[in-house]
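In what follows, a structure is listed as structure tokens, so that the remarks can point back to it.
Where a number appears in this text, it was derived from the coordinates with a stated rule and is not lab data. Keep in mind that this is a model prediction, so the values were computed, not measured. Positions of Cβ are generated from backbone atoms using ideal geometry, with glycine treated the same way; all protein chains shown enter the neighbour counts.
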Amino acid sequence: MFDFNNKIVVITGGARGIGKRIRERFEEAGATVSVIDILPNDCFVGDISDKGTLEKYADGIISKYGHIDYLINNAAPIMRGVEDCSYEDFEYALKVGVTAPFYLSKLFLPYFKKGASIVNISSSRDRMSQPGTESYTAAKGGISALTHALAVSLAGRVRVNSISPGWIDNAFTVYEGPDAAQQPSGRVGDPDDIANMVLYLCSDMSGFITGENICIDGGMTKQMIYHGDHGWTLADKG
């Protein structure tokens with residue numbers, strides 16, 4: 001379905017999970033892919049919270065390829081809650097989740113080719129929360145807002161969209177029972193559900209889509225839940 005021959009793709013957090021699968025799918029479609037991750041990988045190992053690391057990485061990409069076609073900001077920020085998250089933890093989460101995507105977009109801006117796209121990986125937590133998730137949720141909300149801001153600023157040069165995954169099992173585990181049944185789609189998601197959309201948003205088929213956030217969560221954020229409805233109960237904290 002997709003042909004990305006001669007395309008240059010950069011993926012942050014591409015050493016495992018969703019990022020790794022996005023890389024694999026792009027390579028299957030003919031693209032040349034470079035990843036940056038704090039984890040071991042065959043491209044570039046580095047912490048994207050560091051300004052100098054981002055500059056060194058971007059310089060290397062442009063020196064090697066001369067341009068970029070697609071930037072996938074996928075690296076995940078840490079998750080800490082208001083009671084145990086330090087100032088430094090929160091700042092680090094925002095650097096990884098918002099500042100790095102912004103700065104890489106800025107560094108690569110003069111080198112994006114015609115038809116280029118940026119795809120930011122947000123989360124369904126940009127609109128809903130569990131307790132103890134403030135650093136992660138704030139970063140994901142930030143990148144969702146950054147998406148439409150960049151889309152307007154870069155209009156006519158680069159399309160910018162984001163994806164908000166729900167429950168994605170990186171091991172492609174097949175869940176049964178309540179874990180699957182609670183999803184309106186009837187199953188838990190897997191990395192292909194996100195990778196497929198990333199490739200679509202980078203393809204010519206999505207040429208009229210920019211500034212959008214697409215939630216891929218099996219319908220979970222659309223399901224209204226009331227105490228006593230469909231067997232759901234809320235325990236009294238008192």
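Using the count of nearby Cβ atoms within 10 Å as a rough guide to exposure, how do 103, 226 rank from fewest to most?
Lowest to highest Cβ neighbour count: 226, 103.
If the only charges are +1 at each Lys and Arg Cβ and -1 at each Asp and Glu Cβ, what is the size of the charge dipole of the chain around the Cα centre, to the nearest 20 debye?
Its charge dipole is roughly 800 debye.
Report, in deg cm²/dmol and to the nearest 500, the calculated mean residue ellipticity at 222 nm for the chain, where each DSSP H run with n ≥ 4 adds -39500 (n - 2.57) and the sum is divided by the residue count.
Using -39500 (n - 2.57) per qualifying helix, the result is -10500 deg cm²/dmol.
Between the stretch 1-50 and the stretch 109-129, how many Å separate their Cα centres?
14 Å
Please work out the C-alpha center-to-center distance from the stretch 138-156 to the stretch 204-230 and express it in whole Å.
Centre-to-centre (Cα) distance: 18 Å.
Which listed residue (76, 205, 220) has the Cα farthest towards the positive end of the charge dipole for the chain, taking +1 on Lys and Arg C-beta and -1 on Asp and Glu C-beta about the Cα centre?
205
For the stretch 1-59, what does the equivalent ellipsoid look like in terms of its semi-axes, each the square root of 5 times an eigenvalue of the Cα gyration tensor, given largest first in whole Å?
Ellipsoid semi-axes (Å, largest first): 22, 13, 7.
Once you keep just the Cα pairs under 8 angstrom separated by 6 or more residues, what percentage relative contact order results for the stretch 8-231?
20 percent
Which listed residue (99, 189, 149) has the Cα farthest towards the positive end of the charge dipole for the chain, taking +1 on Lys and Arg C-beta and -1 on Asp and Glu C-beta about the Cα centre?
Looking along the dipole axis, the top candidate is 149.
Per q in 0.18, 0.21 Å⁻¹, report the Debye log10 I(q)/I(0) for the stretch 1-123, using one uniform scatterer on each alpha carbon and no solvent.
The calculated log intensity ratios at q = 0.18, 0.21 Å⁻¹ are -0.92, -1.22.
Would you compute, for the Cα atoms of the stretch 8-231, the largest minus smallest coordinate along each principal axis and list the three values in descending order, in whole Å?
Rounded to whole Å, the extents work out to 60, 42, 34 Å.
Please report the orientation-averaged projected area of the stretch 139-238, defined via the convex hull of its C-alpha atoms, in nm².
8.9 nm²
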